[in-house]
Amino acid sequence: MTERDETAAVLTESDLQLAFALRALATRSGTAGFTFEELRTLGEQRFEERLLPWDELFARLHVRGLLLAREHRYTLTESGKAYVTSAMSEGFGHELLGIAASRTYATFCERVYGRDLTQFSMTDEQQLEMLLDSLDLCAQDQVLDVGCGVGRITEYLAHTSGAAFVGLDFAPPVIEAAQRRTSGKADRLQYVVGNMDVLDLPKGSFTAIIAIDTLYFAQNLSHTIGRMVELLTQGGRLALFWSQSAAEGQENRLGPDDTKLARVLQEANLTYTTTDFTLEEASLWRRTLDTAEALRGDFEAEGRLELYQGTVAESRLWLSEADRRSRFLYLVRHPKERLS
Ligand SMILES: C[S@@+](CC[C@H](N)C(=O)[O-])C[C@H]1O[C@@H](n2cnc3c(N)ncnc32)[C@H](O)[C@@H]1O
């Protein structure tokens, strides 16, 4: 089978779970690779009772040349990376359309974040306000929202600031739904299908770029940040939300200069300022857990118990790491601005 055939195959829920875990571990472990046990542990934490059996699927990926094995450690081949991206796009598309269609999820967002924007992140009203304050947007601004998901946050930011926004996501059905929903506003608000690993857009075309809880999915974060900087006009800025837990066994949380994103910015000689949302994140995860529990019956009555289960599993996972987890908003200036 060619790579095109592989990615075009109909994927099951197990394929999608496996792809999600593979992307998370492959980016974390880099060239050192990961073991099957590490993959299983990540799956158990992330999917709890929804976890499906993967062993056979994993073996098939290996046979198909999507995984390389060396001394029981695995890395993804180039075709493997392409397969995972395609599967993740399908998985996200499915999940995002699910939350957008759920009345109970709308109530959930209103209670947790203070406003229902079909959030699929840890960004409440206060954090969005800080984002707008930091960027100080006006009608002349052209802003790119990388990994916009359902795109209602993009729409809200465009409406509140008066700036023109382009929402980009790699899940085509979600982008099509956003285009239909906002067709009357197409002069100020556009949505495009795109991959943050590539960011194939004209250089120097945005005065600001935002990424709300999306950069974790970049295959190569340095490359994605480099592309983002190229897309900025001179004087442009990046506003990036990033959460990260310190390694297990570490007593202290990561400081704003210690995260993976900070290291990438430092290596690229980019200057940044940060706003600390660490305490807010911990209380948000507590709220997501309590609110999902309170709405369990409503999710169930709506036939969307999987949304309850997914939210609870994720909340428990991050709450269990709350004392070593940090969250920051990074505001990065275009490097040329320092020369002028
Ligand atoms: C955690 S969600 C955040 C969505 C939205 N920003 C929000 O705050 O609700 C991550 C988003 O990144 C998108 N995404 C993941 N990998 C991507 C990629 N390689 N290129 C473009 N979008 C991607 C997903 O489809 C999803 O919409």
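Points worth noting:
- For region 190-205, filtered to residues that are of a type in the set (G, A, S) and within 12 Å of V166 (Cα to Cα), the residue that is farthest from the chain's Cα centre (by Cα) is S205.
- Taking the numbered list (1) surrounded by 14 or more Cβ atoms within 10 Å (Cβ to Cβ); (2) over 27 Å from V193 (Cα atoms) in turn, R115 passes all entries but (2).
- Index of the failed condition, D257 passing every other in (1) surrounded by fewer than 17 Cβ atoms within 10 Å (Cβ to Cβ); (2) of a type outside the set (K, R); (3) within 21 Å of the chain's Cα centre (by Cα); (4) in a helix (DSSP H, G or I): (4)
- Residue tally, condition in a helix (DSSP H, G or I) and among the acidic types (D, E), over region 173-206: 1
- Residue match in region 208-231 (condition: within 16 Å of the ligand (Cβ to nearest atom), modelled with pLDDT of 95 or more and of a type in the set (K, R)): yes
- Residue among R227, R286 that is part of a helix (DSSP H, G or I), surrounded by fewer than 21 Cβ atoms within 10 Å (Cβ to Cβ) and touching a helix residue (DSSP H, G or I) at 6+ places or on another chain (Cβ under 9 Å): R286
- Restricting region 32-56 to residues that are assigned to a loop (DSSP other than H, G, I, E, B) and closer than 17 Å to E71 by Cβ, the residue that is nearest to the chain's Cα centre (by Cα): G33
- The condition (being touching a helix residue (DSSP H, G or I) at 6+ places or on another chain (Cβ under 9 Å), at pLDDT 90 or above, part of a helix (DSSP H, G or I) and of a type in the set (A, V, I, L, M)) is satisfied by just one residue among L18, L68: L18.
- Tally, over region 289-331, of residues that are assigned to a strand (DSSP E or B), within 17 Å of the chain's Cα centre (by Cα) and not charged (D, E, K, R): 4
- Evaluation of S29 against (1) at pLDDT 90 or above; (2) outside any loop (DSSP other than H, G, I, E, B) (one fails), failing number: (1)
- Filter result for R60 (over 30 Å from T278 (Cα atoms), outside any strand (DSSP E or B) and charged (D, E, K, R)): yes
- In region 60-75, the residues that are touching a residue at least 12 places away in the same chain (Cβ under 8 Å) and farther than 20 Å from Q219 by Cα: R64, R70, H72
- Some residue of region 181-199 being among the acidic types (D, E) and within 11 Å of the ligand (Cβ to nearest atom): yes
- Count of residues meeting criterion [touching a residue at least 60 places away in the same chain (Cβ under 8 Å) and not aromatic (F, W, Y)] in region 274-293: 8
Quick grid of which residues meet (1) within 15 Å of the ligand (Cβ to nearest atom); (2) touching a residue at least 12 places away in the same chain (Cβ under 8 Å); (3) closer than 23 Å to W242 by Cβ:
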position	(1), (2), (3)
Q127	yes, yes, yes
C148	yes, yes, yes
R152	yes, yes, yes
Y156	yes, yes, yes
H159	no, no, no
A164	no, yes, no
G167	yes, yes, yes
P172	yes, yes, no
I175	yes, yes, no
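- Some residue of region 32-53 being buried (at least 16 other Cβ atoms within 10 Å of the Cβ) and touching a Gly at 6+ places or on another chain (Cβ under 7 Å): yes
The values are calculated or read from the model by the stated rules, or taken from the named source; none is laboratory data. Since we're looking at a predicted model, the values are computed, not measured. Here Cβ is always computed from backbone atoms with ideal geometry, including for glycine, and neighbour counts include all displayed protein chains.
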